[in-house]
Amino acid sequence: MTIGERLLTLRAERASLQARADGGTRIGLLQAFRTAGLLTDALAARYEPDAERAFDRLPADRRQPFVAVDFLNAALKAALERPGEGARSAARKAAEQATAQLERLAGLDAAPLVLDFTPRFVPPRRATGELTLVPREPGNQVSQGAIRLGASPATSGPAAPSAVPTVPRYAPEFAAPGADPPVQIEVMGGHLSSGGLPLPVLAIGTWRGEATIGPERLYFSVPRGAFANDAARTTFASGSLVIRRGSRTATFQLLFTVLPDRPGSFAFDQLVRSTETEAKTLVSPEILARAPAGETRAVRRCFDPPSGWRFDMARRRVVIVERLGWLDDIGDPTLNGGSVEFVAEDTPGQICLSVVARPVTRLARTATIGRFEATLVRDRPIERTQESGVRALDWREPIRMQIASGMIEWKLYVRLFDEIDREFDRVRPSGVPFLRIELDDGGKTLLLRADPTAEP
């Protein structure tokens, strides 16, 4: 295998890995992919004149950078095939070794070399697929009072198909959304410019621009629209940096992760505990008080509520079942002046009842039957789940979720960029990239802030 064939193999492997990368990999292992690309491109710039030379004839120390790229590609492949923090940690360590080889190349010769570049993540667009109300104009075929959704009033002709829109925003003509600011790219390395012409050129999509030269730096101001974009998922975007030295040309691929228009969605479930008052009526046993002729007798009885219950003292009443009286064995209830009354309890929470038989004449015999009815109450704990439903995150505004009174447990489910799923049961500000989870209002509000600057 020649050196040129070896470089082609390394580039093909990296391109295949980039195409297979999922959302988590495009974020968590972006630096590893960038390092693999920069080291491969640096080797290509140095060995272009020797592309037909046999790879095995290179000295062992010259083969070390190739081995480092090969090892890094293998680690990235393992991280894709067996996702997990262990595999990703191994890929990051392999990237550190490749970075050491890249820095070693910087002192070997005067060939161009890119060591790093910023930004890593291209911010989301500000105005994407928004809907605008089209006012009715003279000659417009829209009927009176009808509203048509379409392109901006300044746009003529039929509206072109667009990507899936974000949260619709209806804006008048004077509130048209502003343009996205350009992406400022800074390239750091060695021997990036010869000090003359031609200037290094960066191409991203259909955009091409010349560099502004600084000390071991190149600067580019790239329109945000030059980067390919998806409405809901992250994407890789690659730019080609071309540096010419006489008859030789060095090309470096600059890899970026482009953030989508919509950050994702979430659901917030709370387990809330509250109390419910349960009530029922208690009817006491009947109490009998008897008195012989000419005497008064009283029977006092106290009642405790059943275990777990309490008497509602505001909802109780006495019931005189019957008052009896006799004179010379002739029954006459009017001879009984007795009563049924509540009296002071022995211990708090009781109900005490006094049933009295009292004759109205000295020779009458009496008997009184009485009882009471009272309402028993108890507080029964109940648990219920309060669900928010699936709601969208927004780059522009934080989402505030009220924490319910009596909440004993909560669970937050986050789907970021339609690919990365996370669950939280406590506040973790760094639990997921590009999302800040905080408590606000003294712990009464859960604040979810989608932030394009909150990089991992």
The alpha-carbon pair-distance distribution computed for the stretch 385-430, with 5 angstrom bins and whole-percent values, is 5, 14, 27, 30, 17, 6, 1
Among LEU255, THR2, VAL201, the residue whose Cα sits farthest towards the positive end of the charge dipole of the chain (+1 at Cβ of Lys and Arg, -1 at Cβ of Asp and Glu, taken about the Cα centre) is THR2
For the stretch 251-294, inverting the pair-averaged 1/r of distinct alpha-carbon atoms gives a Kirkwood value in Å of 21.0
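Which value, in Å to one decimal place, does the Kirkwood hydrodynamic radius take for the stretch 267-323 when every pair of different Cα atoms is included?
Values: mean 1/r = 0.0618 Å⁻¹.
This gives a value of 16.2 Å.
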Distribution output for the stretch 1-109: share of Cα-Cα pairs per 5 Å bin in percent, first bin at 0, values 2, 13, 25, 23, 17, 11, 7, 2, 0
Rounded to the nearest Å, the spacing of the alpha-carbon centers of the stretch 275-307 and the stretch 74-92 is 78
Projecting the Cα atoms of PRO124, VAL183, SER354 onto the charge dipole of the chain, where Lys and Arg contribute +1 and Asp and Glu -1 at Cβ, the residue farthest towards the positive end is VAL183
Taking every other residue with Cβ under 9 Å from the Cβ of PRO181 and scoring Lys and Arg +1, Asp and Glu -1, one gets +1
The answer for the per residue Cα convex hull volume of the chain, in Å³, is 270
Percent relative contact order for the chain, counting Cα pairs under 8 Å at least six residues apart, stands at 14
Between the modelled labels at ARG426 and PHE71 (7 Å from Cα along Cα→Cβ) the distance in nm is 3.8
Length gained, ASP56-GLU210, 0.36 nm per residue minus C-alpha separation, equals 51.6 nm
Pseudo-spin-label distance ALA298 to VAL283, built 7 Å along Cα→Cβ, given in nm, is 2.7
Ranked from fewest to most other Cβ atoms within 10 Å of their own Cβ, ILE213, ILE420, ILE382 fall in the order ILE382, ILE213, ILE420
So, for the Cα atoms of the stretch 288-374, Rg and Dmax in Å stand at 14.9, 50
Spelling it out for VAL319: with amide H atoms placed in the peptide plane at 1.01 Å from N, the residues 5 or more places away or on another chain with amide H under 5 Å from its amide H are ARG371, PHE372, GLU373
Answer in debye to the nearest 20: the dipole magnitude of the stretch 1-109 about its Cα centre, from +1 Lys/Arg and -1 Asp/Glu charges placed on Cβ, is 280
Simple SL model, points at 7 angstrom along Cα→Cβ for CYS352 and ASP440; separation in nm is 5.9
Looking only at lysines whose Cα falls under 19 Å of LYS93's and that sit 8 or more positions away or on another chain, we get LYS77
Neighbours of ARG358 by Cβ distance under 14 Å: Lys/Arg at +1, Asp/Glu at -1, summed charge +3
Expected unfolding gain across ARG317-ASP451 under the 0.36 nm per residue rule, minus the alpha-carbon gap, is 41.7 nm
Taking the chain and counting helices only, DSSP H stretches of n ≥ 4 at -39,500 (n - 2.57) each over all residues, the nearest-500 ellipticity at 222 nm comes to -6000 deg cm²/dmol
As straight-line cross-link partners of LYS280, the qualifying lysines (C-alpha separation under 19 Å, not fewer than 8 residues apart within one chain) are none
Once Lys and Arg are counted +1 and Asp and Glu -1 for all other residues with Cβ under 13 Å from that of LEU115, the total becomes -2
The answer for the chain, counting only DSSP H helices whose Cα atoms cover 20 angstrom or more along the axis and whose Kyte-Doolittle average is -0.5 or greater, is 3-20, 30-47, 60-81
Exposure proxy check on VAL360, VAL340: fewest-to-most Cβ neighbours within 10 Å is VAL360, VAL340
Fraction of alpha-carbon pairs in the stretch 358-456 farther than 19 Å apart, rounded to whole percent, equals 59
Under the Karplus relation with 6.51, -1.76 and 1.60 and θ = phi - 60°, whole-Hz ³J(HN,Hα) for the stretch 283-299, x at Gly and Pro, equal 10, 6, x, 6, 10, 10, 10, 10, 10, x, 4, x, 10, 10, 10, 10, 10
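Where a number appears in this text, it was derived from the coordinates with a stated rule and is not lab data. Values in this document were obtained by computation on a predicted structure and should not be read as measured data. All Cβ positions, glycine included, derive from the backbone under ideal geometry; neighbour counts span all protein chains shown.
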